[in-house]
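Here's the structure, in structure tokens; my notes come after.
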Amino acid sequence: MSQRSYWLFKSEPTNFSFDDLRTCPNSTEHWDGVRNYQARNYLRDEVQVGDQVLFYHSNIAVPAIVGIAEVVRAGYPDWTARDPENKHFDPASTAEKPIWYMVDVRFVNPFPRPVKLAELKNNPALSGMVLLSRSRLSIQPVREEEWRQILRMGGVEE
DNA sequence: GCCAACGTTGGC
DNA sequence: GCCAACGTTGGC
């Protein structure tokens, strides 16, 4: 029995928003299209069923963490890499030797108050967050203390 | 829309 | 294996 971990997943809401996740069948969706090796390693090797996820909206006027999702399926080959029609097609990835991985996530709940990037930056307790030093990494680990702090900032009851 | 930061590619 | 060129990300 492994202890559950915390993550931050980034998404551009114009592509896929937290509300899109909510309205998916069973509020569950594949987290596909990740094409960065470090993020891939997390998805393939570390993200586990039951892990909790901060859903972050990037590349918009007011970037913010908007809610919580949960991992419902651990890493497995991202088949969109083998679909020539797909935007994220990668001919180097095969069924025998997949390069890219995805997980499945489920909508849990929105924050009563979204936590803006500016607020994260202004909180000294969060100065070690990966988001602030490696902003481009799309799958990032979150420490338990950071998780609790951010939920508090988002108005989530303990 | 700009541009800095950063990841990837490919010539050597 | 180095590193310049290039493409992408994402805050502003």
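Here are the numbers:
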read-out: Percent accessible area from carbon and sulfur atoms, the range A:112-158, protein chains only, probe 1.4 Å; value: 49
read-out: Fully extended contour minus Cα-Cα distance, from A:R143 to A:E12, at 0.36 nm per residue; value: 44.9 nm
read-out: Candidate lysines - alpha carbon under 24 Å from A:K121, same-chain residues fewer than 8 apart omitted; value: A:K10
read-out: Selected from A:L43, A:L120, A:L132 as most flexible by GNM, with chain A as the system and alpha-carbon contacts under 10 Å; value: A:L132
read-out: Per DSSP, loop trypsin sites (Lys or Arg not before Pro) in the range A:73-143 with at most 14 further Cβ within 10 Å; value: A:K87, A:R134, A:R136, A:R143
read-out: Ordering of A:95-104, A:20-29 by burial proxy (mean other Cβ atoms within 10 Å per residue, highest first); value: A:95-104, A:20-29
read-out: Per principal axis, descending, Cα span of the range A:30-117 in whole Å; value: 44, 30, 21
read-out: Debye log10 I(q)/I(0) for chain A, one point scatterer per Cα, at q = 0.09 Å⁻¹; value: -0.28
read-out: Estimated FRET transfer efficiency (A:Q3, A:H88; beta-carbon r; R0 30 Å; 0.05); value: 0.40
read-out: Relative contact order for the range A:6-153, counting Cα pairs under 8 Å that sit 6 or more residues apart, in percent; value: 31
read-out: Chain A - accessible surface per residue (Å², probe 1.4 Å); value: 55
read-out: Mean Cβ count within 10 Å, highest first, over the residues of peptides A:61-67, A:44-50; value: A:61-67, A:44-50
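The values are calculated or read from the model by the stated rules, or taken from the named source; none is laboratory data. Remember, it's a predicted structure, so these values are computed and weren't measured experimentally. Please note: Cβ atoms are built from the backbone with ideal geometry, for glycine as well, and neighbour counts cover all protein chains shown. The area values use the complete protein model at the heavy-atom level, side chains included, leaving out ligands, DNA and RNA. Shrake-Rupley method; radii C 1.70, N 1.55, O 1.52, S 1.80 Å.
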